[in-house]
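Everything below concerns the one structure shown next.
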Amino acid sequence: EKLKHQVILMSHGSMAKETLNSAKMILGDTLDYPVVSMQADDGIKGTLAKLEEILQTIPEKQPIVIIVDLLGGTPANVAVLKSNSDPRIKVVTGLNLGMVLESFFALEDSEIVTRLLDVGVKAVTQPQLENDEEE
């Protein structure tokens with residue numbers, strides 16, 4: 001039996017929480033992930049404490065994917081720090097709505113990280129207008 005991944009969202013300020021809220025508008029309330037919203041005065045210690053509080057609620061054998069807003073930022077650094085000491089944790093940066101939506105359909109996929117990276121990158125593009133008038 002495949003273990004479902006636990007997804008955690010992390011960001012500076014409320015971005016992660018609001019991205020989750022946007023995803024819930026599309027997929028409904030069954031999509032509910034814990035969120036770490038780093039505040040200006042949290043620093044590394046406060047952000048780490050918030051993450052550790054969530055990690056304590058997750059079963060020992062459950063794999064974890066943390067989707068973070070920005071590579072090199074405090075939330076990402078904290079997530080990577082925890083992943084170094086907790087083999088269950090994989091970290092993906094570049095949080096966007098497409099990734100959060102995709103994660104919901106990839107919870108049981110061992111390739112969840114690959115799927116998130118793929119969707120995240122493809123979400124950043126310049127859409128072309130359909131040019132039907134000229135034909």
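The values are calculated or read from the model by the stated rules, or taken from the named source; none is laboratory data. Bear in mind that the values here come from a model prediction, so they are computed numbers and not experimental data. In this analysis, Cβ positions are derived from the backbone assuming ideal geometry, glycine residues included, and neighbour counts consider all displayed protein chains. Note: accessible area is taken over every heavy atom of the protein model, side chains too, but ligands, DNA and RNA are not part of it. Shrake-Rupley method; radii C 1.70, N 1.55, O 1.52, S 1.80 Å.
Summary of computed values
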| read-out | value |
| --- | --- |
| Pairs with Cβ under 6 Å, 6+ apart, first in the range 117-130 and modelled with pLDDT of 95 or more, second open to solvent by less than 100 Å² (accessible area, probe 1.4 Å) | 119/98; 119/99; 119/102; 120/94; 120/96; 120/99 |
| Condition check for residue 108: surrounded by 13 or more Cβ atoms within 10 Å (Cβ to Cβ) and acidic (Asp, Glu) | no |
| Filter result for the condition that a residue is of a type in the set (S, T, N, Q), out of contact with any strand residue (DSSP E or B) (no Cβ under 7 Å at 6 or more places or on another chain) and open to solvent by 50 Å² or more (accessible area, probe 1.4 Å), over 85, 22, 14 | 85 |
| Condition met for residue 92 (assigned to a helix (DSSP H, G or I), in contact with a strand residue (DSSP E or B) (Cβ under 6 Å, 6 or more places away or on another chain) and free of Cβ contacts under 8 Å to residues at least 60 places away in the same chain) | no |
| Of all residues making up the range 58-81, the number that are open to solvent by 20 Å² or more (accessible area, probe 1.4 Å), part of a helix (DSSP H, G or I) and in contact with a helix residue (DSSP H, G or I) (Cβ under 6 Å, 6 or more places away or on another chain) | 1 |
